[in-house]
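The values are calculated or read from the model by the stated rules, or taken from the named source; none is laboratory data. As the structure is a prediction and not an experimental result, all values here were calculated from the model. When we count neighbours, we look across all protein chains shown, and the Cβ atoms used for this are built from the backbone with ideal geometry, even at glycine. The area values use the complete protein model at the heavy-atom level, side chains included, leaving out ligands, DNA and RNA. Shrake-Rupley method; radii C 1.70, N 1.55, O 1.52, S 1.80 Å.
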Amino acid sequence: GVSQHRGSWTPERYHGIPENDKFAVFFDEFEDNRNRWILESNSLKMKIRDGEFVCESPKPLTYLKRRTIPMNHHGNYEVEIRIRFESTSSNSLTGLTFGRDLKGNEYNFYFTPSGRYRISRYYEGKAFNIQNWAYSKELIGHAYNTLTVRKISSNWFFFINQKLVAKTQSDDLFGN
């Protein structure tokens, strides 16, 4: 979360909000399974190992690992994930889904191993682009990439590896 105090914030810069103006609602470094992630699946091999949550699939499939995090939808917030690809398929994509409800309405900030990213809203079975597919030199193929969504007032700021790649008016989230 990000406090409501604005002070001398510069939300367009990754480090533009002082750390002491932020507080963590949920954080996991995957040192163990203290947050009780479900690691059993018929279609995936999953484990928490050496600070990583590893998901392996013998065949291409869409799979969502999620966590419901209570948050103030109308306040300021930041959602961040550090993730990397193992897949060599050029059709693969991964990333951050946020503001999802039980009906599957959600927002996505996805990227491909070839360095392209997209920001979209999925509502009632239809995808709507917030940011069309674009290339970012900030994305590093199969290395770790950090995706950050920051909401301040009525704007979203999207960062890839601490570099601002998009700014848009924010929408209400569908869920947590």
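Here are a few things to note about the model shown:
- Selection count where residues are open to solvent by 40 Å² or more (accessible area, probe 1.4 Å) and within 22 Å of E12 (Cβ to Cβ), scope segment 124-135: 5
- Scan of segment 136-156 for residues that are open to solvent by less than 30 Å² (accessible area, probe 1.4 Å) and among the aromatic types (F, W, Y), ordered by number: W156
Residues are listed down the side, and each one gets a yes or a no for (1) of a type in the set (S, T, N, Q); (2) under 16 Å from the mean Cα position of the chain (by Cα); (3) modelled with pLDDT of 90 or more:
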residue	(1), (2), (3)
G16	no, no, yes
D21	no, no, no
N33	yes, no, no
R66	no, yes, no
S87	yes, no, no
N91	yes, no, no
F111	no, yes, yes
S120	yes, yes, yes
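- Residue list for segment 157-175, restricted to those being surrounded by 14 or more Cβ atoms within 10 Å (Cβ to Cβ) and out of contact with any Asp or Glu (no Cβ under 8 Å at 6 or more places or on another chain): F158, F159, A166, S170, D171, L173
- Scanning segment 90-123 for residues that are assigned to a loop (DSSP other than H, G, I, E, B) and either open to solvent by less than 50 Å² (accessible area, probe 1.4 Å) or in contact (Cβ under 8 Å) with a residue 60 or more places away in the chain (or both) yields S92, G99, R100, D101, L102, K103, G104, N105, T112, P113, G115.
- Residue in segment 45-58 that is over 14 Å from the mean Cα position of the chain (by Cα), at pLDDT below 80 and assigned to a loop (DSSP other than H, G, I, E, B) present: yes
- Check on N42, open to solvent by 60 Å² or more (accessible area, probe 1.4 Å), modelled with pLDDT under 80 and within 21 Å of L147 (Cα to Cα): no
- Number of residues in segment 135-176 that are among the basic types (K, R) and assigned to a loop (DSSP other than H, G, I, E, B) equals 1.
- Unique residue being open to solvent by less than 50 Å² (accessible area, probe 1.4 Å), at pLDDT below 75 and not aromatic (F, W, Y) when the list is G75, G7, G1: G1
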